[in-house]
Amino acid sequence: MLVLAIETSCDETAAAVVRDGRTILSSIVASQVQVHAEYGGVVPEIASRKHLESIVPVVEEALKSAGVGIDAIQGVAVTRGPGLVGALLVGIAAARGIAAGRGIPVAGVNHIESHLLAPFLEQEVAFPYLALAVSGGHTHLYRVDGIGSYAILGQTQDDAAGEAFDKVAKLVGLPYPGGAVIDGLASSGDPAAIRFPRPLLHDGSCNFSFSGLKTSVLTWLQKNPEAKSGQELNDLCASFQAAVCDVLVGKTALALERTGVRSLVVAGGVACNSGLRSAMERLAGQRGVTLHIPKPALCADNAAMVAVPGDYYLCRGLAGGRDLDALPSWPLDRITRELAAAGL
């Protein structure tokens, strides 16, 4: 099946053409980073308007880059949630319109689900596996037994890891988005310079918390206001990043121990972080598990990843129909319950 996939859950307008849910023929992403940078974060109304401006050109470019016409597309997959409701509605409206005009099925896909299945665009991954979804809006641990079969093991109780990166970057005057900037500065810093807390690390659960860590950085800065430049800033970034990575790795290690699975996927925008990638490689080596982390372009929001579950659902007649609506708060395990209730 040749699938046109569309992603507009936050501030990236993306479209891709993917064959059989595995082979990327094109993947186009229009970023809004520069638009939102002056505000220090994503402004939902502005994001929705930019999606409206970009969606048609992005879809057209995806088709052109793939070397196919719209008449060759056999199904449409679109992010239905979670995400910003206005942003989601733009992608859904486009997907429904294309599907109606072509007389082809359209499937609504969960954004987190797409991230967890992104590694299949590079190689096959054996089920079951443990998956850490870590981004600006999500920090969750799942056991993945197959496409459509997800069991949540832990999640953030407040800020997501990526959100904490951006908020700390703002505290020290770094540009938005701050995660990549902190990662770059951390490479020249001492991760042991400042002993920031590791929230919930030893509470026995697989849940996360990063709000207290962010507050700890703020408190430290109030006592050390000069540490916003030079080597002190590098050390601050390295110490903060080490604290986040220790928590993410520690909780993942606990989940591996409790589930006994031998394969690990780390996905989402924060999976681009060099410190986290290195830490997860060490964990995988110590535990003897197979690690899958997509290349950075597939960790960040993109439409190609939407085609992996989208193709699966379309081929099995599980398309959501042309009356799809947005689900800004859509827990991933709800998919498992609904498929089980339908006997699938």
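Scan Gly40, Gly69, Gly103 and give me the residue that is surrounded by fewer than 18 Cβ atoms within 10 Å (Cβ to Cβ), of a type outside the set (D, E, K, R) and out of contact with any helix residue (DSSP H, G or I) (no Cβ under 8 Å at 6 or more places or on another chain). I'd like the intermediate steps shown before the answer.
On the way: Gly40 fails: out of contact with any helix residue (DSSP H, G or I) (no Cβ under 8 Å at 6 or more places or on another chain); Gly69 fails: out of contact with any helix residue (DSSP H, G or I) (no Cβ under 8 Å at 6 or more places or on another chain).
Going through Gly40, Gly69, Gly103 in turn, the sole match is Gly103.
Consider Gly269 against the criteria (1) surrounded by fewer than 22 Cβ atoms within 10 Å (Cβ to Cβ); (2) closer than 19 Å to His138 by Cα: it satisfies all of them except one. Which criterion is unmet?
It is condition (1) that Gly269 fails.
Given the condition within 30 Å of Gln231 (Cβ to Cβ), in a loop (DSSP other than H, G, I, E, B) and of a type in the set (A, V, I, L, M), answer yes or no: does some residue in region 176-190 qualify? Steps first, please.
We begin by selecting, within region 176-190, every residue within 30 Å of Gln231 (Cβ to Cβ); these are 176-190.
Now drop any that are not in a loop (DSSP other than H, G, I, E, B), which leaves 176-177, 187-190.
Restricting the remaining residues to those that are of a type in the set (A, V, I, L, M) gives none.
No, region 176-190 has no match at all.
Among all residue pairs at least 6 apart or on different chains, which show Cβ distances below 8 Å where the first residue, located in region 17-36, is outside any helix (DSSP H, G or I) and the second is among the polar types (S, T, N, Q) and buried (at least 18 other Cβ atoms within 10 Å of the Cβ)?
Every condition considered, the pairs that remain are Val17/Ser26; Ser27/Asn302; Val29/Thr13; Val29/Asn302; Ala30/Thr13; Ala30/Ser54; Gln32/Thr13.
Quick one: which residue in Arg49, Arg80 is closer than 30 Å to Ala180 by Cβ, of a type in the set (D, E, K, R) and part of a strand (DSSP E or B)? If you could, list the steps in order and put the result at the bottom.
Details: Arg49 fails: part of a strand (DSSP E or B).
From the options Arg49, Arg80, the qualifying one is Arg80.
Might you let me know whether region 251-262 holds any residue that is surrounded by 18 or more Cβ atoms within 10 Å (Cβ to Cβ), assigned by TED's automatic domain parsing to the domain that holds Tyr142, aliphatic (A, V, I, L, M) and more than 30 Å from Ile194 (Cα to Cα)?
yes
Considering Ala72, Ala47, Ala100, which residue is touching an Asp or Glu at 6+ places or on another chain (Cβ under 8 Å), among the small types (Gly, Ala, Ser) and touching a residue at least 12 places away in the same chain (Cβ under 8 Å)? Break it down into steps so the answer makes sense when it comes.
Values: Ala72 fails: touching an Asp or Glu at 6+ places or on another chain (Cβ under 8 Å); Ala100 fails: touching an Asp or Glu at 6+ places or on another chain (Cβ under 8 Å).
Of the residues listed, the single one that is touching an Asp or Glu at 6+ places or on another chain (Cβ under 8 Å), among the small types (Gly, Ala, Ser) and touching a residue at least 12 places away in the same chain (Cβ under 8 Å) is Ala47.
The values are calculated or read from the model by the stated rules, or taken from the named source; none is laboratory data. Source: prediction; values computed, not measured. All Cβ positions, even for glycine, are placed from backbone atoms using ideal geometry, and neighbour counts span all protein chains on display.
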